[in-house]
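What follows is a single structure, written as structure tokens, with notes after it.
Every number in this text was worked out from the coordinates using simple rules, so none of it is lab data. In this text, all values refer to a predicted model and were calculated from it rather than measured experimentally. In this analysis, Cβ positions are derived from the backbone assuming ideal geometry, glycine residues included, and neighbour counts consider all displayed protein chains.
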Amino acid sequence: MKIPTTLKHKPVIVSENYENVDGRYAYNSDSKGLSLGLAQWNDRGKVEISAKVWRHTGEKWSRQSEELPLHRVLDLAILVCRAQLYFQEAYRFENFYDKDKPVIDRIGLQGDAMTVSICTDNEKIDEDIKLFHQVLNEDGELIGERLRILSRLLKEMGY
């Protein structure tokens, strides 16, 4: 399925077969494509690049398609990596976290830091964190494959 090029987001780099590799939803996904392009919220004279997940209902392009600035895509990747690293050692804590110290890390970005922590405001955190850990383990192969590719590409780029 071809990603539309007549909408406000202007695709430049595309993956039009994303539904075939969309993790556990592969070959049965409403996420039909990914694109990097010119953001739909661009103002005159101010251009940003965004990433977009193109979702299709089977009949039309979905309003649930998501567009994110590239730095947010990378921030999400950082968050995923930090969560993966955390859960490698989380078994040491009862309920997979230290209730007295819910902050996992502070990752320096742009002169400040992104705080990564357990969401203790979640009333069902003890149940939800166990389910989260279980799914991370079940999806370990899918996530690990993508992290290895990301690592390889970052090394090729000199990072």
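Check which residues have an amide H placed less than 5 Å from residue 54's amide H, if you skip close sequence neighbours.
Hits under the 5 Å cutoff: 32, 33, 34, 35.
Among the listed pairs 32/155; 10/46; 8/46; 10/32, give every one whose C-alpha distance is greater than 22 Å. Walk me through the numbers on the way to the answer.
Values: 32/155 29 Å; 10/46 14 Å; 8/46 15 Å; 10/32 16 Å.
The pairs that break the limit, which is 22 Å between Cα atoms, are 32/155.
Would any residue of the range 61-92 have its amide N under 12 Å from a label point 7 Å out along Cα→Cβ of residue 10? List them or say none.
Taking a point 7 Å out along Cα→Cβ of residue 10, no residue of the range 61-92 has its backbone N under 12 Å.
Step through the residues of the range 143-156 one at a time and calculate ³J(HN,Hα) from phi using the Karplus curve (6.51 cos²θ - 1.76 cosθ + 1.60, θ = phi - 60°), rounding each to whole Hz and writing x for Gly and Pro.
5, x, 4, 5, 5, 5, 5, 4, 4, 4, 5, 5, 5, 4
Computed over the Cα atoms of the range 71-156, what is the convex hull's projected area averaged over all directions, in nm²?
Averaged projected area of the range 71-156's Cα convex hull equals 6.7 nm².
Taking 2.2 N^0.38 Å as the expected size of a compact globular protein, what ratio does the Cα radius of gyration of the range 10-64 give against it, to two decimals?
Values: Rg = 12.7 Å, N = 55, 2.2 N^0.38 = 10.1 Å.
Working it through for the range 10-64, the quotient is 1.26.
Once phi is turned into θ = phi - 60°, what whole-Hz ³J(HN,Hα) does the Karplus curve with 6.51, -1.76 and 1.60 give for every residue of the range 125-138, x standing for Gly and Pro?
4, 4, 6, 5, 5, 5, 5, 4, 4, 4, 5, 4, 5, 5
Ordered by residue, what ³J(HN,Hα) values in Hz, to whole numbers, does the range 103-117 give under the Karplus form 6.51 cos²θ - 1.76 cosθ + 1.60, where θ = phi - 60° and Gly and Pro are x?
6, 8, 6, 10, 10, x, 9, 6, x, 10, 8, 8, 7, 10, 8
Which of the following values of P(r) over Cα pairs in 5 Å bins from 0, in percent was calculated from the structure shown: (1) 2, 10, 21, 24, 23, 14, 4, 1, 0; (2) 2, 7, 13, 16, 17, 16, 14, 10, 4, 1, 0; (3) 2, 8, 13, 15, 13, 10, 8, 7, 6, 5, 4, 3, 2, 2, 1, 0, 0, 0, 0?
It is the one labelled (2).
Under a 5 Å amide H to amide H cut-off, with H placed in plane at 1.01 Å, what residues pair with residue 105 once short-range neighbours are removed?
For residue 105, whose amide H was placed from the backbone, the distant partners under 5 Å are 116.
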